[in-house]
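Reading through the structure tokens given below for one structure.
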Amino acid sequence: MSDLRITEAFLYMDYLCFRALCCKGPPPARPEYDLVCIGLTGSGKTSLLSKLCSESPENVVSTTGFSIKAVPFQNAILNVKELGGADNIRKYWSRYYQGSQGVIFVLDSASSEDDLEAARNELHSALQHPQLCTLPFLILANHQDKPAARSVQEIKKYFELEPLARGKRWILQPCSLDDVDALKDSFFQLINLLEEKDHDAIRM
């Protein structure tokens, strides 16, 4: 090795030591998780994710195919793949499940009986899908600010979550665009489940 390269190597080591002692080094990288977000059209998926990203509501456009957002939190970054919820799109959802580490399912708690039944069927299908059935689920009962909204207990009973999801890791939370703190808390709970899964994988 030439004298110049040796000098460069020592200078770089000095720089690293300086960073470690004086600047305390760069902050540790936040873990990133790849999630899939599903729900019927009108459930509010796009609006909720845009709210978490501090985007202007004026720029929110309903997702017709799929979109990807990096949603930052203090302890993690969630790379959320949002799938459109129209009738002609839902049959293709499963093509986008591969690689997911968690699931966000958004439902309109104030929707019509027909739409609520459709959402129930889609959630049941997702909970039993081979690529999703072992993943953590965050189920958001959106539009709780509307007069016709069903309560979380009503949703849990109607969707038969207790018997269907027994043994799975899932969270059912009420939410609305008006309460961003509660929305963030729901995602923090999901991140905790994702971290637990990481720790389980390390132990194995």
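The values are calculated or read from the model by the stated rules, or taken from the named source; none is laboratory data. Worth saying up front: this structure is predicted, and the values here are computed from it rather than measured. Just the protein is used for accessible areas: all its heavy atoms, side chains included, with ligands, DNA and RNA removed. Shrake-Rupley method; radii C 1.70, N 1.55, O 1.52, S 1.80 Å.
For the reader, a short list of remarks on this structure follows.
- For the residue pairs Lys45/Lys81; Lys45/Lys91; Lys45/Lys184; Lys69/Lys146; Lys81/Lys184; Lys146/Lys168, the alpha carbons lie more than 21 Å apart in Lys69/Lys146; Lys146/Lys168.
- Length gained when the stretch Asp114-Leu177 is fully extended (0.36 nm per residue, less Cα-Cα span): 20.3 nm
- With contacts taken as Cα pairs under 8 Å and at least 6 residues apart, the stretch 32-203 reaches a relative contact order of 23 percent.
- Descending semi-axes in Å of the stretch 32-203, equivalent ellipsoid built from Cα gyration tensor: 21, 19, 17
- Taking all protein chains into account, the per residue accessible area for the stretch 32-203 stands at 50 Å² (1.4 Å probe).
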